[in-house]
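Here is the structure we will look at, set down as structure tokens.
The values are calculated or read from the model by the stated rules, or taken from the named source; none is laboratory data. Everything numeric in this text was worked out from a predicted model, so none of it was measured. Ideal geometry is used to build each Cβ from the backbone, glycine not excepted, and the neighbour counts take in all protein chains shown.
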Amino acid sequence: MPDTEKEKLKEQTKGEMDVSPLSLHNIYKNIHISVRTLDFIIVGLIAALFVVLLIGFNNRGFVIEFDSQGGTPIPSQKLMYGDLIEIEEPSREGYHFDGLSRHASCEDRFDMQTPIDGSMKLYACWIVE
Amino acid sequence: MKKFDRKKILDLLLNNAMYIIIALLVIYVSIKRPKFLGLASIVNIVSLTASKLPMALGIAGCIVLAGTDISAGKIVGLSACITASLLTTVYKIFPSMTAPLPIPVVLLIILCVGGLIGLINGFCVAQFDLHPYIVTLSTQLIVYGLILMYMMLGTNNGMALSGMTDSYKKLVTGSLFKIGTVSVPMYVLYALCFVVIMWVVWNKTTFGKNMFAVGSNKVAAEVSGVNVKKTIMMVFTLAGMMYAITGFIDAARVGSANATTGLNYESDAISACVIGGVSFVGGTGKISGVIIGVLLLQVIFAGLNFLSVNANLIYIVKGLIILIACAIDMRKYLTKK
């Protein structure tokens, strides 16, 4: 291959935009759409994003669900970012309430002083009296 | 002249629409929740960025090849589960274990596992000229099956794995340094190291140059003497290893691992890459772009989280972001063509 062609190829491999249709699996190569149409699509998508964000901003709050694992039911709560969970202690005959856990197996306990940063499900843990 | 100016402004606005949306969001969140710009929040965003960076750096290589890798999240999950089962004090997967394995051994195991899955992806893409989407969709399902089977081993019965050793937790999430009262975790340093390594690989090695050559123009690369098949396999293998490292970090960061660890991570990584200018056209992308993409995406998620936006809506936002980023990428391609 002549040196000039090699130089050209080297230039192509510098990581700059290459529009060759010979790219391995160029997903855009068969797309026939005008830039103007695409502009409308982009604007439409941005509008859709703003609508979704608006819905999100108007329905704020993280849902905290509880599984009392045989105890009296604990109602779910809707809390904001940074809030702390406060619950009325559930009861279960023959058992003593031993806090909440993120896992049904209760291998670790959820620290009630942890600020909330997302929706979650918590499980009640019990010790046999 | 006026028309030309208007076109220029429109081009500028649309090509940078993603950055403008993010800037607007940051301004809105900062007004509503001033703590968003606080030190703790910024360190949190940087830490989250660092935890997702190795994976994005891996997937970016596949996108540079004009491909993608949707098995990434599952490879992260598998490595996290293997790590959590071997660096634990509760031997549920392997009840006959009496002590956790040394950390370097576990790291080597997961690098081999991640690398092997990546190699299989690369082999199928290179050898059979299949679209990476199809190949990685298959491996994603296979790996998910493997995770579920692995989690059923021993006495675990599919439960989440926790109780990791202190030395492992300290190695990953220990304090690198403190800014005031806010601690910066160790994995930020590791992410920086991976950025440097990947920058050298992409920009200063023959392999890196070959990767861009194959992504830009496969035929031209082949003609100029590049071993295309070997390059594709190496890119996917390297990506697999990067996902494994992400899993290793994630198990300690989250404190547990289960079958859903790594779920949808690939969509975050792919959108971060596209936002950062790694084009689906192939042969285009910069390490700095990947970093910016991951950072901006984490800013969006952290901002929405600060506003207590429902997690279900965040999925829709993620999907729209990917669509917008791809549409902008396509626009840049069409205007250049």
| said: Residue under question is B:V228, and the condition is that it be under 17 Å from B:M55 (Cα atoms) and within 13 Å of chain A (Cβ to nearest Cβ); does it hold? | reply: no
| request: Could you list all residues from the range B:312-337 that are assigned to a helix (DSSP H, G or I) and more than 20 Å from the chain's Cα centre (by Cα)? | output: B:N312, B:L313, B:A327, B:I328, B:M330, B:R331, B:K332, B:Y333, B:L334, B:T335, B:K336
| request: For A:G70, work out the one condition from (1) part of a loop (DSSP other than H, G, I, E, B); (2) under 27 Å from B:V254 (Cα atoms) it doesn't fulfil. | output: (2)
| A:I33 versus (1) more than 30 Å from B:N305 (Cα to Cα); (2) at pLDDT 90 or above; (3) facing chain B (nearest Cβ under 8 Å): which is the lone unmet condition? | (2)
| said: Can you pull out every residue in the range B:93-136 that is part of a helix (DSSP H, G or I) and within 14 Å of chain A (Cβ to nearest Cβ)? | reply: B:N121, B:G122, B:C124, B:V125, B:A126, B:Q127, B:F128, B:P132, B:Y133, B:I134, B:V135, B:T136
| For B:L313, all conditions in the list (1) more than 7 Å from chain A (Cβ to nearest Cβ); (2) surrounded by fewer than 24 Cβ atoms within 10 Å (Cβ to Cβ) hold save one; what is the number of the exception? | (1)
| If we keep just the residues of the range B:170-225 that are basic (K, R) and out of contact with any strand residue (DSSP E or B) (no Cβ under 8 Å at 6 or more places or on another chain), which is farthest from the other protein chains (Cβ to nearest Cβ)? | B:K170
| In the range A:80-129, how many are within 14 Å of another protein chain (Cβ to nearest Cβ) and touching a His at 6+ places or on another chain (Cβ under 7 Å)? | 1
| field | Answer residue from the range B:151-167, given it is surrounded by fewer than 17 Cβ atoms within 10 Å (Cβ to Cβ) and closer than 11 Å to B:A259 by Cα and is nearest to the other protein chains (Cβ to nearest Cβ) among those | value | B:G158
| request: Name the residue, out of B:G285, B:G277, that is more than 24 Å from A:S119 (Cβ to Cβ), within 11 Å of chain A (Cβ to nearest Cβ), at pLDDT below 90 and in contact with an Asp or Glu (Cβ under 9 Å, 6 or more places away or on another chain). | output: B:G277
| task | Return only the number of the condition from (1) more than 19 Å from the chain's Cα centre (by Cα); (2) closer than 20 Å to B:T68 by Cα; (3) surrounded by fewer than 22 Cβ atoms within 10 Å (Cβ to Cβ) that B:A213 does not satisfy. | result | (3)
| message | Looking only at the range B:190-210, count every residue that is surrounded by fewer than 18 Cβ atoms within 10 Å (Cβ to Cβ) and either outside any helix (DSSP H, G or I) or without any contact (Cβ under 8 Å) to a residue 12 or more places away in the chain (or both) and tell me the total. | response | 7
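Listed here are the residues, each with its yes/no results for (1) modelled with pLDDT under 85; (2) under 30 Å from A:C125 (Cα atoms); (3) of a type in the set (V, I, T).
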| position | (1), (2), (3) |
| --- | --- |
| A:D39 | no, no, no |
| A:G44 | no, no, no |
| A:D67 | no, yes, no |
| A:T72 | no, yes, yes |
| A:I85 | no, yes, yes |
| said: For the condition in contact with a helix residue (DSSP H, G or I) (Cβ under 8 Å, 6 or more places away or on another chain), assigned to a helix (DSSP H, G or I), farther than 17 Å from B:T49 by Cα and without any contact (Cβ under 8 Å) to a residue 24 or more places away in the chain, what is the one hit in B:A239, B:A221? | reply: B:A221
| said: What's the total number of residues in the range B:143-189 that are without any contact (Cβ under 8 Å) to a residue 12 or more places away in the chain and in contact with a Lys or Arg (Cβ under 9 Å, 6 or more places away or on another chain)? | reply: 1
